[in-house]
Structures are given as C-alpha cells and as structure tokens.
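These notes concern the structure reproduced below.
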Amino acid sequence: MGGSGEADPFPDLLLKTLETLETPSVNTPMSAEPSPRFRRDPEPTSRWRPTHQARAGLGVWCAGRSQKDRLAIKAWKRSAPFDGGELEAFSLAVADLVRAWSPVLPSGTLVTVPPQGASAPGPYAALALGRAVAEALGLPLAEVLTRTDTKRWHGPHASLRQAPFACTLPEPAPILVIVVDDLVTSGATMRRSLEAIRSAGTAAFGFGFSGV
C-alpha cells in the first residue's frame, strides 16, 4: 500500500506461478494417434449398404459408397457389351434401395436416366442400368431428358460445367419420376436431371448404384 512501505508480493507470486507451468517444447514430437473426435469411420462392410449422397443435395440416394463397389461398376462400364450377371446385381441393388425408400410407388411412376454425355455415341451404361431397374420394379422407362450442350469429357470437373438439361414429359405427365444413374460423384449430373424434371412440374428423386 502507499504509506506502508511494504512491497507488493503479487508480481513475485505471479512469476513463480508462471515458472511452474509446463511449456511444451517446439521439438516435442506430436502423437501419431489421431484424436477420437476426428477419427474417420471405416467404410461399410456390407456390399449394398444404403447411403445418402450429400453432394447431390436432398433427394438422392446410392446403394453403396465403398471403393470396391465403385471400381466394380467402373470396370463393368468399360466392358461393353455389358456383362448381364453384373448388370443384374447392380440393378437389383438399386431396385432394393428404391423399395426401401418407398415400398409402394404411386401409379404413373416413371423411370428415366440422365442424358448420355461423353460416352456418346457408344453404349450407355446408365441406360442399361435404368432399363434393368425399371424391369425389376415393374415400371416403364422413358428418356425424357436431353442436353443443351455437349459433354465431351468424363469426370467431376466436366460434370460441374454442364449446362442445364431440358425435360420433355409424356402425356399424361407422370406423378413421380425416378432418375437412375450408375455413378454419383460430384452430384452435378443428378442435380441437373432432378431440376429439369421438377421444373416441368413433376416430383423427381435420384437413385444411383455407387456414390461418394
């Protein structure tokens, strides 16, 4: 205090307290074990585990997201004429996913696929898959989507640069359209498909075999 002549003990006490604190050395190696808070969940062990495709936005689901499934359908797409046994397995996985999503589909439901892109004019894997899924569900298939530009390359970057699709629905217009695709990566192709159909006045939802 001012007139007591006694020194304030607080600075010395603070200094001693700071000296007792353990300051980590910059050379101390960090633990290789990741924090449980940031540990990534393992890939699903089941082959056809339904997963939500977040990148495509609401309204899109995929039958699986494992690397094994993705490599399998990529190899199948490159092996035209497409193997019938693998096509059946892929289509039943997607059909089962649709049934799990809605065990009863409204009368007038239609199956379609995104418009063919860089694989044109060759065989179109998504169309083959869509036909097989429609047959498994007992539904008609119609190609109602067309491109307004030309997609020359495969891959997510080319997909993101796609122009909006055009949609021409049959008469009478279906109550619901199910869009089937083999791969959903960035979600851009599926999103444009759903937007075109919904803009035409019909509800639409997307289902793929493999998604990330």
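A short reminder: the numbers here are calculations on the coordinates, not readings from a lab. Remember, predicted model here, so these are calculated numbers, not experimental data. Note that we place each Cβ from the backbone using ideal geometry, even for glycine, and neighbour counts take in every protein chain shown.
Determine the dipole magnitude for segment 52-211: charges of +1 sit on the beta-carbon of Lys and Arg, -1 on that of Asp and Glu, nothing else is charged, the reference point is the Cα centre, and the result goes in debye to the nearest 20. All intermediate terms of the calculation are to be shown ahead of the outcome.
On the way: 16 positive and 12 negative charges, 130 e Å.
Computed charge dipole of segment 52-211: roughly 620 debye.
Find, to one decimal place in angstroms, the Kirkwood hydrodynamic radius of segment 52-211, where the mean of 1/r is taken over every pair of different Cα atoms and then inverted. Each step should come with its number before you reach the end.
Numbers: mean 1/r = 0.0644 Å⁻¹.
Taking every pair of different Cα atoms in segment 52-211, averaging 1/r and inverting gives 15.5 Å.
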Charge dipole of segment 52-211 about the Cα centre (unit charges at C-beta), most positive-ward option of Leu105, Pro170, Ala126: Ala126
